[in-house]
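What follows is a set of notes on a single structure, which appears directly below.
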2 protein chains.
Amino acid sequence: MATACASASSLLGEGEARRREALVRQSPLFSEIPAAEYREIASAAHEKHFARRQTMFLEGDPVRRVVLLTSGSAKIVQLGQSGTEVILGVRGPGEVVGTVGLRPQDRHCSTALALAPSTALVWDSAAFEALSQRSAQLRRNITHILCQQLHELEERYREISTERVSVRLSHQLVRLLNQLGRRVNGQLEIRLSREELAQLTGTTLFTVSRLLSDWNQRGIVSTRREAVSVHDPQALAQLGEAE
Amino acid sequence: MATACASASSLLGEGEARRREALVRQSPLFSEIPAAEYREIASAAHEKHFARRQTMFLEGDPVRRVVLLTSGSAKIVQLGQSGTEVILGVRGPGEVVGTVGLRPQDRHCSTALALAPSTALVWDSAAFEALSQRSAQLRRNITHILCQQLHELEERYREISTERVSVRLSHQLVRLLNQLGRRVNGQLEIRLSREELAQLTGTTLFTVSRLLSDWNQRGIVSTRREAVSVHDPQALAQLGEAE
DNA sequence: GGACATCTTTGCTCTTCCGCAAAGAGTTCG
DNA sequence: CGAACTCTTTGCGGAAGAGCAAAGATGTCC
C-alpha cells in the first residue's frame, strides 16, 4: 500500500501542475532554473507516497529513479556485516534522496528508509539524465548539492575523529534542527529515536540516552519517546566548546 | 622557491603541448573528452611545482585555481581547535587537489599540503568554470568524481563508526595501496608517517605504531621510517574480517 | 662526522565509552 | 482494558584505546 503512482504526467490538470511547480521551485535541485524548463521537468515526474519505514531503495539496487522529497523525511543508511547500521544522513522536503548525480547504469551504495509518511516526486533516472543534459543550470545544481553533502560529511568525519561523543551529539542536533526541526508548540523538535541519533554520531543508544538525560535535567532539551525538543539551541551549540 | 610557473600557455612548444596532453588524457577529470577539446583545455593550464610540505591552499581561502596533480602526492586536511589535524583524503597523479566543482566565489573548506615534491597543472578557476560550461562531458566527469569521493568518505565514515582501529587501519592501507602505492624493489610501499596514518583513520600515532609492529612481526607488512611496505595485501585485507 | 631534529617504539596509567542486564515508560492492538 | 511490543533509562563492570614519558632509531645539516 501507499506506493501507487498518483497520476501520470499526461493526465495532469492545471491545478496539479501549479502545485507541483511550486514544490519544485523550492528545491535547491531546481534553483535558478528558467521558468520554461520548469514545466517540462515537473511534468516528467510522478508523485509517490511512502509509508513510515518503507524502503525507498536498497544498497546494491540499480539506480532506477531520482526521488525528490516533497513532504516527510528519510534516512540514508549503510549496513555493516553483523546488523550494525550507520546513518549517513537524513533528508527532508526539497532534498533528493539518494546520491544525486548517479547514472542509470550505477548502483545505489546506500539504503533509504522513510522516517515518516512521505511524498516525493519521482523521475525515471534515464529521463532525468536526459533533462540534465539539456539544462546547464540543473547540472550546476547537482554539482553544488554534491559539494555540500561532501562538506557536511567531511565535517562529521572530522568530529568523529577528534571530538568526544557529547560534542558530536550536540553538533549533530544543531544540524538536525536546521534540517528537520519541526515546530511543536513553540519548540523545535527532532523526531528521531535514541538509537538513530547514536547511528548518526557513531555511538550507542545508551550513551545518547545518558547525555540527553543530563541535558534534560539542565533544561537545555526535553526528551520524549522517539523525539527531542530543543529549548536552548545556543546552549546546545556551545556545549561542545566549554565542556 | 619551487613555486614559479614553468611557462605560460602562449609559449608552449609542440613537444610540451604533446607531453601535457598525455598527462591530461590519463586523468579521470578529462576521460572521454573529445580530442578537439583537449588542446584548448590543456593550453589554458600553467604548470606549477610544489615542494614537500608546501601548502597548495588553505581552508578559508577563496578558490582561485583548479589543481590537477601530474606527479607527487598531497594530503587534504582539516584543522581542529587545538592543533588537531584530520586527513580527509590523499591525492595522487591524475587527481584533482581540492573539491572539484567549487565555484570561483566559494571558499576552500580544507587545506592541501604536498606530501612529496609534486608538479601540477593549474587553471584559473574562473577560466576552468568557463571551460566546463562548454564541455558537457567535463561537467559529467566532475559529477562522477564527486560521487566517488562522497562514496569513499561514506565508507570511511561507516568504518570509523562501527569498526575497531585494526580494521580501519588495515582497510585504509589497502585503499592507499591502490591509490598511492609505489613499487620499491618488488614491494608496494606507502609513504606516510605513523601520525598521518593515525589522522587518516581517527586514532593516535601510538596505536598505529603498535598495530604495525604487530603486523610486521607476523610478516604481513614491513615498516620503515615514514613508510609501510605491504608484503601480503590479501592478508591485510582479511585482517579485518577474522580478528 | 657529529650534533640536532624528527619520527618511532614501548611501557604504564587512566579515561571514555561500550555492552549487558533488568526495570520502567509509552504505544498499539485485539 | 490489558497484553504484548518497542523504546528508554540506569547501574555496573570491563575493554579498547588515549595520553604521557622516556628511550631508541633514523635522517639531516653544518
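The values are calculated or read from the model by the stated rules, or taken from the named source; none is laboratory data. Keep in mind that this is a model prediction, so the values were computed, not measured. Counting neighbours? That spans all protein chains shown, and the Cβs are built from the backbone with ideal geometry, glycine included.
Got a sec? Which of B:GLN137, B:GLN172, B:GLN187 is at pLDDT below 95 and within 14 Å of chain A (Cβ to nearest Cβ)?
Of B:GLN137, B:GLN172, B:GLN187, the one residue that is at pLDDT below 95 and within 14 Å of chain A (Cβ to nearest Cβ) is B:GLN137.
Please enumerate the residues belonging to region A:187-212 that are in contact with a strand residue (DSSP E or B) (Cβ under 7 Å, 6 or more places away or on another chain) and near DNA strand D (Cβ under 8 Å from one of its atoms).
As a first pass, look at region A:187-212 and keep what is in contact with a strand residue (DSSP E or B) (Cβ under 7 Å, 6 or more places away or on another chain): A:187-191, A:196, A:199-200, A:212.
Those that are in contact with a strand residue (DSSP E or B) (Cβ under 7 Å, 6 or more places away or on another chain) and near DNA strand D (Cβ under 8 Å from one of its atoms): A:GLU196, A:LEU212.
With on the phi > 0 side of the Ramachandran plot and surrounded by 17 or more Cβ atoms within 10 Å (Cβ to Cβ) as the only criterion, which of A:GLY186, A:GLY181, A:GLY202 stands out? Quick ask: steps written out before the conclusion?
Values: A:GLY186 fails: surrounded by 17 or more Cβ atoms within 10 Å (Cβ to Cβ); A:GLY181 fails: on the phi > 0 side of the Ramachandran plot.
That would be A:GLY202, the only listed residue that is on the phi > 0 side of the Ramachandran plot and surrounded by 17 or more Cβ atoms within 10 Å (Cβ to Cβ).
If B:ILE87 satisfies all but one of (1) touching a strand residue (DSSP E or B) at 6+ places or on another chain (Cβ under 7 Å); (2) more than 11 Å from every other protein chain (Cβ to nearest Cβ), what's the number of the condition it fails?
(2)
Does B:LEU131 meet the test of being at pLDDT below 95, more than 12 Å from chain A (Cβ to nearest Cβ) and closer than 27 Å to B:SER43 by Cα?
Values: at pLDDT below 95: yes; more than 12 Å from chain A (Cβ to nearest Cβ): yes; closer than 27 Å to B:SER43 by Cα: yes.
Here the answer is yes, as B:LEU131 does meet what is asked.
Filter region B:6-34 down to the residues that are among the polar types (S, T, N, Q) and at pLDDT below 80, then identify the one that is farthest from B:THR119 (Cα to Cα).
Taking region B:6-34 first, the residues among the polar types (S, T, N, Q) are B:7, B:9-10, B:26-27, B:31.
Still in the list and also at pLDDT below 80: B:7, B:9-10.
Details: B:SER7: 13, B:SER9: 16, B:SER10: 19 Å.
For region B:6-34, the residue satisfying everything is B:SER10.
Exactly one of (1) of a type in the set (Lys, Arg); (2) within 21 Å of A:GLU154 (Cβ to Cβ); (3) more than 14 Å from every other protein chain (Cβ to nearest Cβ) is unmet by A:ARG164. Its number?
So the condition that A:ARG164 fails would be (3).
Show the residue pairs that are 6+ apart or on different chains and have beta-carbon atoms under 8 Å apart, the first residue being within region A:214-240 and away from chain B (no Cβ under 14 Å), the second being near DNA strand D (Cβ under 9 Å from one of its atoms) and among the β-branched types (Val, Ile, Thr).
Sorted first by the residue in region A:214-240, then by its partner, the pairs are A:ASN216/A:THR223; A:VAL221/A:VAL228; A:SER222/A:VAL228; A:SER229/A:THR223.
Would you kindly identify the strands (runs of 3 or more DSSP E) lying entirely within region B:52-146 that contain at least 1 residues that are touching a residue at least 24 places away in the same chain (Cβ under 8 Å) and closer than 17 Å to B:ARG25 by Cβ? Lay out the reasoning, then the answer.
Values: elements: B:55-57, B:65-71, B:74-79, B:85-91, B:111-114, B:118-124.
Passing ranges, in order: B:65-71, B:118-124.
Among residues belonging to region A:207-230 that are among the charged types (D, E, K, R) and near DNA strand C (Cβ under 10 Å from one of its atoms), point out the one that is nearest to A:GLN187 (Cα to Cα). Give the derivation first.
If we filter region A:207-230 for residues that are among the charged types (D, E, K, R), which is where we start, we get A:210, A:214, A:218, A:224-226.
Keeping just the survivors that are near DNA strand C (Cβ under 10 Å from one of its atoms) gives A:210, A:224-226.
Numbers: A:ARG210: 22, A:ARG224: 13, A:ARG225: 16, A:GLU226: 15 Å.
Looking at the filtered set, the residue picked out is A:ARG224.
Just the residues that are buried (at least 19 other Cβ atoms within 10 Å of the Cβ) and within 12 Å of B:LEU200 (Cα to Cα), please, taken from region B:160-171.
Answer for region B:160-171, where residues must be buried (at least 19 other Cβ atoms within 10 Å of the Cβ) and within 12 Å of B:LEU200 (Cα to Cα): B:ILE160, B:ARG168, B:LEU169, B:SER170, B:HIS171.
Hey, can you tell me all the residues within region A:155-182 that are within 11 Å of DNA strand C (Cβ to nearest atom) and not acidic (Asp, Glu)?
A:ILE160, A:THR162, A:ARG164, A:VAL165, A:SER166, A:VAL167, A:ARG168, A:LEU169
Please work out which one of (1) out of contact with any Gly (no Cβ under 7 Å at 6 or more places or on another chain); (2) away from DNA strand C (no atom under 13 Å from the Cβ); (3) within 13 Å of chain A (Cβ to nearest Cβ) is the condition B:GLN199 fails and give its number.
With (1) out of contact with any Gly (no Cβ under 7 Å at 6 or more places or on another chain); (2) away from DNA strand C (no atom under 13 Å from the Cβ); (3) within 13 Å of chain A (Cβ to nearest Cβ) applied to B:GLN199, the lone miss is (2).
Quickly run through region A:90-124 and pick out the residues that are among the small types (Gly, Ala, Ser), under 13 Å from A:PHE57 (Cα atoms) and within 14 Å of another protein chain (Cβ to nearest Cβ).
Passing the criteria: A:GLY98, A:SER110, A:ALA112.
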